[in-house]
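Single-structure report; data block below.
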Amino acid sequence: MDIDKIYKEYFETVYKYLLYLTHNEDLSEELTQETFYKAIRNIDQFKEKSSILTWLIQIARNLYFDEFKRNKKLEELAELEYKIYDKSIEDTIVSNEEKTELKQRINELNETHKKVVLLRISSELGFKEIGLLFNKSETWARVTFYRAKSKLMKGVDNNDK
């Protein structure tokens with residue numbers, strides 16, 4: 001496997017995923033570097049049962065949880081999962097209000113719908129990778145995202161599973 005190619009191809013996606021979790025650019029970059037370091041050290045353990053991206057995301061997620069456990073000053077995990085990273089400072093007041101409303105609606109979704117929506121939107125993961133993270137199929141991820149999106153359009157989830 002060409003490590004340089006893997007790094008160039010997946011660095012940004014792994015970084016965005018960690019930024020979604022941490023909301024901290026420095027920490028996200030540090031954890032991204034650690035993710036690739038661990039991947040290189042353990043490349044012989046990659047079984048190709050999943051994609052390289054899915055494997056890297058799992059490493060990144062584990063590193064994030066380890067960091068979260070070590071650092072009590074981070075916000076509670078539940079609060080971190082509900083936030084969406086706002087990229088543009090130049091957003092108008094109207095678009096900020098819309099984002100706030102969308103965040104509130106996402107917070108009202110059940111945990112599975114919430115995670116699928118945030119992985120799809122914030123981390124820009126494909127349905128196949130999302131399915132693999134949940135040990136489900138790509139179709140399951142598509143259907144779950146569609147159902148969550150429909151509930152967001154209505155504004156209520158009623159906490160069904």
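The values are calculated or read from the model by the stated rules, or taken from the named source; none is laboratory data. No experiment lies behind these values; they were computed from the predicted model shown. Quick reminder, even Gly has a Cβ in these numbers, built from the backbone with ideal geometry, and neighbours come from all protein chains shown.
Couple of notes before you dig in:
- Test for residue 111: is it surrounded by fewer than 16 Cβ atoms within 10 Å (Cβ to Cβ), modelled with pLDDT of 80 or more, of a type outside the set (S, T, N, Q) and touching a helix residue (DSSP H, G or I) at 6+ places or on another chain (Cβ under 7 Å): no
- Here is the figure for the range 37-58: residues that are surrounded by fewer than 19 Cβ atoms within 10 Å (Cβ to Cβ) and either of a type in the set (Val, Ile, Thr) or in a helix (DSSP H, G or I) (or both) total 10.
- Residues that are part of a helix (DSSP H, G or I) and out of contact with any Leu (no Cβ under 6 Å at 6 or more places or on another chain), drawn from the range 22-34: 22, 25, 26, 27, 29, 30, 33
- Any hit, the range 144-154, residues being assigned to a helix (DSSP H, G or I), closer than 27 Å to residue 11 by Cα and at pLDDT below 90: yes
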